[in-house]
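I have placed the structure first, in the form of structure tokens, so that the comments after it can refer back to it.
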Amino acid sequence: MDIKTLKKKSDYEWHIEPFGKMRVPAIIYADQQLIKQMDTKVYDQAVNVAKLPGIVKASYAMPDAHWGYGFPIGGVAAFDAEQGGVISAGGVGFDIACGVRTLRTGLVPGDIKPIKERLAELLARKIPAGVGSRGKIKLGPKQMDEMLTGGARWAVKAGYGNEEDLRYVEEGGTITGADPNQVSDYAKKRQHDEVGTLGSGNHYLELQQVIEVYDDEIAKAYGLKKDDITLSIHCGSRGLGHQIGTEFLKRMVTSASSYGLDLPERELACAPINSPVGQSYIGAMRCGMNCALANRQVLTHLVRKVFAEILPQARLTLLYDVSHNTCQVEEHQVNGRLQKLFVHRKGATRAFGPGHPSLSPELRQAGQPVLIGGTMGTASYILAGSKEGMSLAFGSACHGAGRNMSRRQATKQWQGRDVVRSLAERGILIRSPSLRGVAEEAPGAYKDVSAVVKVSHQANLAYKVAKLVPLLCIKG
Amino acid sequence: MSKKGWEHFPHQADIGIRGFGSTKEEAFAQAAAAMTAVITDLEDVNPKEMIEVACEASDEQLLFVDWLNALIYEMSTRRMLFSKFKVNIEENRLSGRAWGEKLQRAKHNPVVEVKAATYTALDVGRDEDGGWMAQCVVDV
């Protein structure tokens, strides 16, 4: 992206003042280096989002923003239903409520070393991952609807985890207002074999070690210290979410003109929040969110079973579970007034600051944990939502490194086998059903996650708490 | 002489698929082959079992995305991969056939699952030689 097209507000905040049909400015949080790496499509897409009806304050792009579907990936935008605000299927994404869950294990590196290979083998065997894998849990029509309305809470009731877990899942583990009647039979059928599966692409399950703590006090509140072993799961709403996204994108494209919406691009398809299509999508999308929360809860149960077999002394407790493809109703201060808004975060993580009423008492003082996934060979980060961030981009931060190279380029540059070998030399075990998949996800194909996190911190979006490095990774 | 076959084109996070043909139907079929090639090597998929899909949309671009999404649905729910395609289009209706086999991980080494065909970089049209081209980005 050409930095000269932007107006500098600070080293980490750049504005595109409204022009043409833009209703609000576009604001990019990044440093000069990250802006130079950003695709010009991010500029175009952030500008297009700023043209949508009912948008409040600004169209935002996070430091890891890249070319998405209508909305940039790393895009945040809030809409007011009373001002004709819209909801967009592309602004949520196909993988509804894709997100990260991190667990403490109570283990130290010495516990892992002697059993690492065995643990990798057993996790690879017990966690359904990759194309065509099937979960063991098959839900009948009634149970499916219960899962779609209950989310992680449904999973706990069904025996996958404990009540304690739910205190550390966004919204207590259940997204309210989900309506299974808005979810097609196609979407439900697509989910039939996919409950408790990891998926493929950039989804993973990773054992990690805390190698650096930046904020002792918050780390303590999160139950973390240097050298702790953690486990993170990155996945989403599987086939059900993908099908909901597909069907509603089409419905929104075909209904747009009947709602008088003039779309700058087809892929920006949306519908007024207060319209039949908008309401139907909201009911379905929330089912997708619950599906993702349930899925990560079931995977947690499977992981605990593996640990019970190999490391019975491990105690896997939930640090947090947060999604980064969502649209949620939230209250925010706008011009000194508390307003109810529909906040889209596409490839952006909710990052509520200290004192936010939605946080459980254990987390309220420290602020919400913000879980940032890295790549197989780099690092992941845990950040904490900031007070300042609440007035920047509605309490949002980055979600990951973001690619800087296409999949094809990556396979030209690396062989899967070599990637696995060179990571093994650094003590990182990779288990994946596909070597080409490993090459496409090679660490070098991504931007530097540390730079993205550093800018999120410097821009006051969320503050750094801890850095984690991978020890073993199950790739989908 | 119009272009034949298929190709991939880059997208920063995902991947673009493009099919060519002397007819629109052929371009749609070739693009479907390009989609399978995102997942596995096309020549490893034995076209021994046939399935049928039907879709309807208000214009040819939406019809193209619907065709791909119908195949994604079949791949996902039948756990199959397809390597041979035949498309018929009458006005805004498409009926298609796809030949393939059950996914076998040891044989097909599937790389990545295609979540959806998108409206990004979506185009259906003719080039100056009179040949047809159909393309879009797929989300993986």
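Bear in mind these aren't lab numbers, they're just calculated from the coordinates by the rules spelled out. All values derive from a computational prediction rather than experimental measurement. Positions of Cβ are backbone-derived with ideal geometry, glycine not excepted, and every protein chain shown enters the neighbour counts.
Gap in Å between the Cα centre of region A:388-466 and the Cα centre of region A:176-211?
About 21 Å separates the Cα centre of region A:176-211 from the one of region A:388-466.
Nearest 0.05, what FRET efficiency do A:Asn335 and A:Tyr214 give at R0 = 30 Å with Cβ-Cβ as r?
After rounding to 0.05, the efficiency reads 0.35.
Assuming R0 = 35 Å, what is the FRET efficiency of A:Lys36 and B:Ala121, from their Cβ-Cβ distance, to the nearest 0.05?
After rounding, the FRET efficiency stands at 0.90.
Listing A:Tyr204, A:Tyr214 from the residue with the fewest other Cβ atoms within 10 Å to the one with the most, what is the order?
Listing A:Tyr204, A:Tyr214 from fewest to most nearby Cβ atoms yields A:Tyr214, A:Tyr204.
Going by average Cβ neighbours within 10 Å, how do the peptides A:392-402, A:273-283 rank, with the highest at the top?
Per-residue mean Cβ counts within 10 Å order the peptides as A:392-402, A:273-283.
Please compute the modelled spin-label separation between B:Asp59 and A:Arg315, points set 7 Å along Cα→Cβ, answer in nm with one decimal.
In this crude spin-label approximation the distance works out to 6.1 nm.
For the residue pair A:Lys113 and A:Ser360, what label-to-label distance in nm results when each label sits 7 Å from Cα along the Cα-to-beta-carbon direction?
Using points 7 Å along Cα→Cβ, the separation is 3.4 nm.
How big is the gap, in Å, between the Cα center of region A:283-328 and the Cα center of region A:1-61?
34 Å
Other chains' Cβ within 10 Å of B:74-84 residues: what's the mean?
3
Do the alpha carbons of any pairs in A:Lys346/A:Lys464; A:Lys8/A:Lys340; A:Lys116/A:Lys305; A:Lys116/A:Lys475 sit beyond 18 Å of each other, and which pairs?
Pairs exceeding the cut-off: A:Lys346/A:Lys464; A:Lys8/A:Lys340.
Give me the distance in nm between label points sitting 7 Å out from Cα along the Cα-to-Cβ direction at A:His15 and A:Lys142, one decimal.
Using points 7 Å along Cα→Cβ, the separation is 5.8 nm.
What average count of beta carbons from other chains do you get within 10 Å of the Cβ of residues in B:114-127?
Mean shielding count: 5.
Calculate for the protein assembly as shown the 222 nm mean residue ellipticity that helices alone would give, adding -39,500 (n - 2.57) per DSSP H run of length 4 or more and normalising by residue count, nearest 500 deg cm²/dmol.
Value at 222 nm, helices only: -9000 deg cm²/dmol.
Expressed as a fraction of 2.2 N^0.38 Å, the rule-of-thumb size for a compact globular protein of N residues, what is the C-alpha radius of gyration of region A:386-476?
Taking N as the residue count of region A:386-476, the ratio is 1.31.
For a quick protection proxy, order the peptides A:3-12, A:78-87 by their average other-Cβ count within 10 Å, most packed first.
Top to bottom by mean Cβ count within 10 Å: A:78-87, A:3-12.
Express the Stokes-Einstein translational diffusion coefficient of region A:97-191 in µm² s⁻¹, to the nearest whole number, given a Kirkwood radius over alpha-carbon pairs, 4 °C and a viscosity of 1.567 mPa s.
Estimated via Stokes-Einstein, D reaches 80 µm²/s.
Tell me which trypsin sites (Lys or Arg not before Pro) from region B:1-34 have a DSSP coil assignment and no more than 13 other beta carbons within 10 Å of their own.
Of the trypsin sites (Lys or Arg not before Pro), the ones in loops of region B:1-34 whose Cβ has at most 13 other Cβ atoms within 10 Å are B:Lys4.
Which whole number gives the average count of other chain Cβ atoms within 10 Å of the Cβ atoms across peptide B:3-15?
Average per residue, whole number: 5.
What whole-number value in cubic angstrom gives the convex hull volume per residue for the C-alpha atoms of the protein assembly as shown?
Per-residue hull volume (Cα only) is 143 Å³.
So, with +1 on the Cβ of K and R and -1 on the Cβ of D and E, and no other charges, what is the size of the charge dipole of region A:328-389 about its Cα centre, to the nearest 20 debye?
That gives a dipole near 160 debye.
Taking 2.2 N^0.38 Å as the expected size of a compact globular protein, what ratio does the Cα radius of gyration of region B:5-139 give against it, to two decimals?
For region B:5-139, the normalised Cα radius of gyration comes out at 0.97.
How many percent of the alpha carbon pairs in region A:116-247 exceed a separation of 24 Å?
Percentage above 24 Å: 41.
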